[in-house]
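*Asks:* Can you read through this structure? Questions will come right after.
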Amino acid sequence: MSNWFEKSAFEIREAVAGGTVTAREVATSFLDRIDAVDEKVGAYTQVWHDEALAQADAVDAKIAAGKLVGALAGVPISLKELICTQSGETTCSSKILAGFQSPYDATVTQKLLADDAVVLGKVNMDEFAMGSSTENSAVQKTSNPWDLSRVPGGSSGGSAASVASATSAISFGSDTGGSIRQPAAFCGCVGLKPTYGRVSRYGLVAFASSLDQIGPLTRDVRDAALAMNVISGKDPRDATSADLPAEDFTKKLGDSIAGLKIGLPKEYFVDALGSEVRALVEKATKVLEDQGAEIVEVSLPHTEYAVSVYYIVAPAEASANLARFDGVRYGFRHPDAKNVSEMYVKTKSEGFGEEVQRRIMLGTYVLSSGYYDAYYLKAQKVRTLITQDFDEAFKACDIILTPTTPSTAFTMGEKSNDPLEMYLNDIFTISANLAGIPGISLPCGTSASGLPVGFQLLSKAFDEATLLQTAHCYEQHADVNLGIPNL
Ligand code: GLN
């Protein structure tokens, strides 16, 4: 029997729909793999053994009855802890939501189930998606499968670690400032943040509502395109979802990129960029150039303000979004309080971790009447300038190419006492969220010490098709095959 856990989602779907293998066999292969390696990696917070097998059986029954099956038939997937599922719990890896059962499925969950994916369980994250290492999880540690002493990145660290360690074929994470792309880069997988509005946020527990998007982490580009076909689209329950006709994101895979203009923003190739990462990103650029792309220099002059703007806007929105976790309606309530205000204080002080409390305080501060104009309003104005930078740059190119992260995965504990150091990890990914444009991180090799390195491609809003075309072309010609780590 093949090791189905080594296969791509595309291969699995073909084999299941074509009757070469049953969905149950595939699910069993992945569940066994989880049992064998996840104790070391720690990607999963919940494994739904019985339910996954029942879902797989339902897919097999459809096939046996000659019915049509969905686009992800029998594909074993995992979901980040902040995507609502009626099954199991939705904890956002926070103590305040320990044991919380969502009364409904997120739109993305519904779509995945409707297309016959098999949900293996939920995966770890930084609490409420705040962080870049998954060390802020209140539940457990997650290791980088390539070096267990290192972080997988974050906040979708469990997602990236599960795809890299082959314990799910696709994982769905969320990206507010880099949380899909940065862990994808650290773990050597593909991670796509869609255009803001491409994917419904209904049932995605909100961190920063003007920045959050759900997206796939996969083993290859084609799988990312397949996943996008399933999860995209207008949702009447999310007013910010875009009303666009359904699109086949695989349609341009395999098309030549001859004549495509790829811009390198000069502000991204600065001293902070490690030399190993720089060399591999330059090599990736060369691969695309050899395929006929024209490489041009572009400028994104307001890049230097992106981290500051993000750490005003995102905490401001978070402070409003997280106000609902007050011990009254959801999850944890401090048992020992004399009155309601003491209950609020004790619940939040004990229920939220340090980083989440820091964000709530930052956000409350920048929105307070005395500081609103100086911080929040000013940040919104600079956000507009950052968006305009991209509008300008995309007049001169179709795709922008940058590093995903300044360095490779760092060791656990290395940055956890220095919030600013941690925030600087997002320097290359944050601007895409502020501007609402899509971005993909792709593996482009390994460092001398064997750690994956990623680079990022960005496109105009709603041009995921060209983004995936370029990414696929790179993948086909780059000869970067990290394989599966030895665990
Ligand atoms: N690391 C960033 C933060 O802590 C981004 C997180 C995210 O994209 N969810 O805010």
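The values are calculated or read from the model by the stated rules, or taken from the named source; none is laboratory data. Since we're looking at a predicted model, the values are computed, not measured. In this analysis, Cβ positions are derived from the backbone assuming ideal geometry, glycine residues included, and neighbour counts consider all displayed protein chains. These area figures cover heavy atoms from the full protein model, side chains too; ligands, DNA and RNA do not enter into them. Shrake-Rupley method; radii C 1.70, N 1.55, O 1.52, S 1.80 Å.
*Asks:* For region 187-211, what are the residues that are out of contact with any Lys or Arg (no Cβ under 8 Å at 6 or more places or on another chain) and over 18 Å from residue 468 (Cβ atoms)?
*Replies:* Listed by number, the residues that qualify are 187, 188, 201, 203, 204, 205, 206, 207, 208, 210, 211.
*Asks:* Could you check region 356-365 and list, in sequence order, the residues that are within 14 Å of the ligand (Cβ to nearest atom) and open to solvent by 20 Å² or more (accessible area, probe 1.4 Å)? Show your work before the answer.
*Replies:* Within region 356-365, the first condition is being within 14 Å of the ligand (Cβ to nearest atom), and the residues that meet it are 356-360, 362-363.
The answer is 357, 358, 360, 362.
*Asks:* Could you please find all residues in region 264-293 being open to solvent by less than 90 Å² (accessible area, probe 1.4 Å) and farther than 14 Å from residue 457 by Cβ?
*Replies:* At the first step, the residues of region 264-293 found to be open to solvent by less than 90 Å² (accessible area, probe 1.4 Å) are 264-265, 267-270, 272-274, 276-281, 284-285, 287-288, 291-293.
Hits for region 264-293 are 267, 269, 270, 272, 273, 274, 276, 277, 278, 279, 280, 292.
*Asks:* I've got another one for you. Considering only residues of region 54-64 that are hydrophobic (A, V, I, L, M, F, W, C) and out of contact with any helix residue (DSSP H, G or I) (no Cβ under 6 Å at 6 or more places or on another chain), which is most open to solvent (accessible area, probe 1.4 Å)?
*Replies:* In this case the residue turns out to be 64.
*Asks:* Any idea how many residues of region 92-109 are under 17 Å from the mean Cα position of the chain (by Cα) and closer than 22 Å to residue 333 by Cα?
*Replies:* Of region 92-109, the ones under 17 Å from the mean Cα position of the chain (by Cα) are 92-93, 106-109.
Remaining after also requiring closer than 22 Å to residue 333 by Cα: 92-93.
Count: 2.
Here's the yes/no breakdown for (1) of a type in the set (A, V, I, L, M); (2) away from the ligand (no atom under 12 Å from the Cβ); (3) open to solvent by 20 Å² or more (accessible area, probe 1.4 Å):
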position	(1), (2), (3)
390	no, yes, no
398	no, yes, yes
403	no, yes, no
419	no, no, yes
424	yes, no, yes
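*Asks:* Here is a further query. Here's a check for you: in region 251-263, which residue that is open to solvent by 30 Å² or more (accessible area, probe 1.4 Å) and either in contact (Cβ under 8 Å) with a residue 40 or more places away in the chain or of a type in the set (Asp, Glu) (or both) is nearest to residue 458 (Cα to Cα)? I'd like the intermediate steps shown before the answer.
*Replies:* So in region 251-263, the residues open to solvent by 30 Å² or more (accessible area, probe 1.4 Å) come out as 251-256, 258-259, 261.
From what is left, the residues that are either in contact (Cβ under 8 Å) with a residue 40 or more places away in the chain or of a type in the set (Asp, Glu) (or both) are 251-256, 261.
Numbers: 251: 18, 252: 16, 253: 16, 254: 19, 255: 18, 256: 18, 261: 12 Å.
The residue in question is 261.
*Asks:* Of the residues that sit in region 434-453 and are in a loop (DSSP other than H, G, I, E, B) and of a type in the set (S, T, N, Q), which one is nearest to the chain's Cα centre (by Cα)?
*Replies:* If we filter region 434-453 for residues that are in a loop (DSSP other than H, G, I, E, B), which is where we start, we get 436-438, 447-451.
If we keep only those that are of a type in the set (S, T, N, Q) as well, we get 447, 449.
On the way: 447: 23, 449: 25 Å.
For region 434-453, the residue satisfying everything is 447.
*Asks:* Evaluate the following for residue 174: is it surrounded by fewer than 24 Cβ atoms within 10 Å (Cβ to Cβ) and either in contact with a strand residue (DSSP E or B) (Cβ under 8 Å, 6 or more places away or on another chain) or in contact (Cβ under 8 Å) with a residue 12 or more places away in the chain (or both)? Give the steps one after another, and end with the answer.
*Replies:* On the way: surrounded by fewer than 24 Cβ atoms within 10 Å (Cβ to Cβ): no; either in contact with a strand residue (DSSP E or B) (Cβ under 8 Å, 6 or more places away or on another chain) or in contact (Cβ under 8 Å) with a residue 12 or more places away in the chain (or both): yes.
So residue 174 fails the test.
*Asks:* Of the residues that make up region 135-154, is at least one in a loop (DSSP other than H, G, I, E, B), away from the ligand (no atom under 16 Å from the Cβ), surrounded by fewer than 24 Cβ atoms within 10 Å (Cβ to Cβ) and of a type in the set (Val, Ile, Thr)?
*Replies:* Looking only at region 135-154, we keep the residues that are in a loop (DSSP other than H, G, I, E, B), and these are 135-143, 145-146, 148-149, 151-154.
Next, only the ones that are away from the ligand (no atom under 16 Å from the Cβ) stay: 139-141, 143, 145-146, 148-149.
From what's left, surrounded by fewer than 24 Cβ atoms within 10 Å (Cβ to Cβ): 139-141, 143, 148-149.
Applying the additional criterion that residues be of a type in the set (Val, Ile, Thr) yields 139.
Within region 135-154, one or more residues are in a loop (DSSP other than H, G, I, E, B), away from the ligand (no atom under 16 Å from the Cβ), surrounded by fewer than 24 Cβ atoms within 10 Å (Cβ to Cβ) and of a type in the set (Val, Ile, Thr).
*Asks:* Output the number of the condition that residue 196 fails; it satisfies all remaining conditions of (1) open to solvent by less than 10 Å² (accessible area, probe 1.4 Å); (2) in a loop (DSSP other than H, G, I, E, B); (3) on the phi < 0 side of the Ramachandran plot.
*Replies:* (1)
*Asks:* Yes or no: residue 214 more than 16 Å from the ligand (Cβ to nearest atom) and at pLDDT 95 or above? Before you say what the answer is, go through the steps one by one.
*Replies:* Numbers: more than 16 Å from the ligand (Cβ to nearest atom): no; at pLDDT 95 or above: yes.
So residue 214 fails the test.
Residues checked against (1) within 16 Å of the ligand (Cβ to nearest atom); (2) not in a helix (DSSP H, G or I):
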site: 162; (1), (2): no, no
site: 168; (1), (2): no, yes
site: 172; (1), (2): yes, yes
site: 184; (1), (2): yes, no
site: 202; (1), (2): no, yes
site: 206; (1), (2): yes, yes
site: 222; (1), (2): no, no
site: 240; (1), (2): no, yes
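*Asks:* Could you tell me which numbered condition residue 484 fails, if it satisfies all but one of (1) among the β-branched types (Val, Ile, Thr); (2) away from the ligand (no atom under 16 Å from the Cβ); (3) under 19 Å from residue 267 (Cβ atoms)?
*Replies:* Checking residue 484 against (1) among the β-branched types (Val, Ile, Thr); (2) away from the ligand (no atom under 16 Å from the Cβ); (3) under 19 Å from residue 267 (Cβ atoms), the one that fails is (3).
*Asks:* Follow-up. Taking residue 25, is it touching a residue at least 12 places away in the same chain (Cβ under 8 Å) and either assigned to a loop (DSSP other than H, G, I, E, B) or of a type in the set (Asp, Glu) (or both)? Please lay out each step first, then the result.
*Replies:* Values: touching a residue at least 12 places away in the same chain (Cβ under 8 Å): yes; either assigned to a loop (DSSP other than H, G, I, E, B) or of a type in the set (Asp, Glu) (or both): yes.
Taking the combined requirement at face value, the residue satisfies it.
*Asks:* Do any helices (runs of 4 or more DSSP H) entirely within region 249-357 hold 3 or more residues that are over 26 Å from residue 432 (Cβ atoms), and if so, which? Break it down stepwise before answering.
*Replies:* On the way: elements: 275-290, 306-321, 340-351.
Because the criterion is at least 3 residues that are over 26 Å from residue 432 (Cβ atoms), the helices (runs of 4 or more DSSP H) in region 249-357 that meet it are 340-351.
*Asks:* Looking only at region 65-81, count how many residues are in a loop (DSSP other than H, G, I, E, B), among the small types (Gly, Ala, Ser) and buried (at least 23 other Cβ atoms within 10 Å of the Cβ). Show your work before the answer.
*Replies:* To start, the set of residues in region 65-81 that are in a loop (DSSP other than H, G, I, E, B) comprises 65-75, 81.
Checking which are among the small types (Gly, Ala, Ser) leaves us with 65-66, 70-71, 73-74.
Imposing the further condition that a residue be buried (at least 23 other Cβ atoms within 10 Å of the Cβ) reduces the set to 73-74.
Matching residues across region 65-81 total 2.
*Asks:* Given the condition without any contact (Cβ under 8 Å) to a residue 12 or more places away in the chain and either buried (at least 17 other Cβ atoms within 10 Å of the Cβ) or out of contact with any helix residue (DSSP H, G or I) (no Cβ under 6 Å at 6 or more places or on another chain) (or both), answer yes or no: does some residue in region 308-325 qualify?
*Replies:* Step one: filter region 308-325 for residues without any contact (Cβ under 8 Å) to a residue 12 or more places away in the chain, giving 323-324.
Applying the additional criterion that residues be either buried (at least 17 other Cβ atoms within 10 Å of the Cβ) or out of contact with any helix residue (DSSP H, G or I) (no Cβ under 6 Å at 6 or more places or on another chain) (or both) yields 323-324.
Checked region 308-325: at least one residue is without any contact (Cβ under 8 Å) to a residue 12 or more places away in the chain and either buried (at least 17 other Cβ atoms within 10 Å of the Cβ) or out of contact with any helix residue (DSSP H, G or I) (no Cβ under 6 Å at 6 or more places or on another chain) (or both).
*Asks:* Further, regarding this structure: Criterion first (of a type in the set (Val, Ile, Thr) and open to solvent by 10 Å² or more (accessible area, probe 1.4 Å)) does residue 440 satisfy it? Give the steps one after another, and end with the answer.
*Replies:* Values: of a type in the set (Val, Ile, Thr): yes; open to solvent by 10 Å² or more (accessible area, probe 1.4 Å): no.
No.
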